[in-house]
Amino acid sequence: MRHLLTPQDFTTEELNTLFDLADDIGKHPDTYSHAMEGKKLATLFYEPSTRTRLSIETAMLNLGGRTMGFADAQSSSAAKGETVADTIRVISCFADIAAIRHPKEGAAMVAARYSSIPVINAGDGGHQHPTQTLTDMLTIRSLKGRLDNYVIGLCGDLKFGRTVHSLISAMSRYENIRFVFISPPELRVPDYVTDALNDLGIPYEEVTRLEDALDRLDFLYMTRVQKERFFNEEDYVRLKDYYILDRNKLSLAKSDMYILHPLPRVNEIAPEVDDDPRAAYFRQVKYGVYVRMALILTLMDPASLNA
């Protein structure tokens, strides 16, 4: 039995196999429409979510399976004090696979430790968001045909953004990847991330102005400033509009640069950008369903990675 707690749980070769499967699902969805018939997926969301929860549930439904679970900790036994360990023990008696989102770092690891079914980390605090990272990587590969030789800019909340931390960690395993971190000083990428890049010898730079980076990027990964991660309203209000990508700024970028965003968007990308062919964030949503379908199939049959 295998789990997905971080993108590093799969080798790059296994990721290629997973992405090949996702590609085939996108081309031949009917082939997989009964693959999980009779199976149940439990979504254990202790934290609000729209896209991730619905994407995972849609993936299971598209495979012919069924879904169950809760979308809010207050509607679960967690409100009565039940631990994650006890919850997953119980859910293991009901479901065949589970996806968990939790505000505390490491909660998915605890669930995996006590689970007798595969566990998917759907986001744990500010730590990791591996299914979003798989979505981002499939999007990159689908748009440009490879996962190496890029300059990737990440803009906005790089301190609390778990999607950012996951993507940096995952893409660091590919050749000739360079990063440009674009953030105010208060939201710069954590030291443990840059320390890991230094240890691996992966080049990166940190800038505060989006305009100073756009002309050399192959991908721009925009993120929102996350109100729910701030301890006080004043800091959030001061930083929430720090970066807004509009048509004028986008004119500085290369013609083949793509814009990614894990969504939800607040106002960091102006609606006028949506019509630009470089805007790929809604395409990401489509790829997210395909890659989560591939992930469910893979975790339910781990041997398929080596087939």
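The values are calculated or read from the model by the stated rules, or taken from the named source; none is laboratory data. Everything numeric here is computed off the predicted structure, so don't read it as measured data. Neighbour counts run over all protein chains shown; Cβ positions are idealised from the backbone, glycine included. When the accessible area is computed, the model is the full protein with side chains, heavy atoms only, and any ligands, DNA or RNA have been set aside. Shrake-Rupley method; radii C 1.70, N 1.55, O 1.52, S 1.80 Å.
Listed by first and then second residue, the pairs linking a residue in the stretch 52-68 that is within 16 Å of Gln132 (Cα to Cα) to a residue that is surrounded by fewer than 23 Cβ atoms within 10 Å (Cβ to Cβ) and aromatic (Phe, Trp, Tyr), with Cβ atoms under 9 Å apart and 6 or more places separating them unless they lie on different chains, are Thr52/Phe45; Arg53/Phe45.
Do we find a residue being part of a strand (DSSP E or B) and closer than 30 Å to Asp24 by Cβ anywhere in the stretch 178-194? No: the stretch 178-194 contains no residue that is part of a strand (DSSP E or B) and closer than 30 Å to Asp24 by Cβ. Residues in the stretch 17-32 that are among the polar types (S, T, N, Q) and surrounded by 14 or more Cβ atoms within 10 Å (Cβ to Cβ): Thr17 only. Does Leu263 qualify as being surrounded by 16 or more Cβ atoms within 10 Å (Cβ to Cβ) and assigned by TED's automatic domain parsing to the domain that holds Pro184? The answer is yes for Leu263. For the criterion of being in contact with a Lys or Arg (Cβ under 6 Å, 6 or more places away or on another chain) and hydroxyl-bearing (Ser, Thr, Tyr), Thr43 passes. Every condition in (1) in the same structural domain as Leu245 (by TED's automatic domain parsing); (2) in contact (Cβ under 8 Å) with a residue 24 or more places away in the chain; (3) among the charged types (D, E, K, R) holds for Asp274 except the one numbered (2). Of all residues being assigned to a strand (DSSP E or B) and among the aliphatic types (A, V, I, L, M) in the stretch 40-61, which is surrounded by the fewest Cβ atoms within 10 Å (Cβ to Cβ)? Just the residue, please. Per the stated criteria, the residue is Ala42. Residues that are in a helix (DSSP H, G or I), open to solvent by less than 50 Å² (accessible area, probe 1.4 Å) and modelled with pLDDT under 95 within the stretch 197-228 comprise just one, Leu210. Among the strands (runs of 3 or more DSSP E) confined to the stretch 62-168, the ones with at least 3 residues that are open to solvent by less than 40 Å² (accessible area, probe 1.4 Å) and closer than 30 Å to Tyr243 by Cα are located at 119-124, 150-155.
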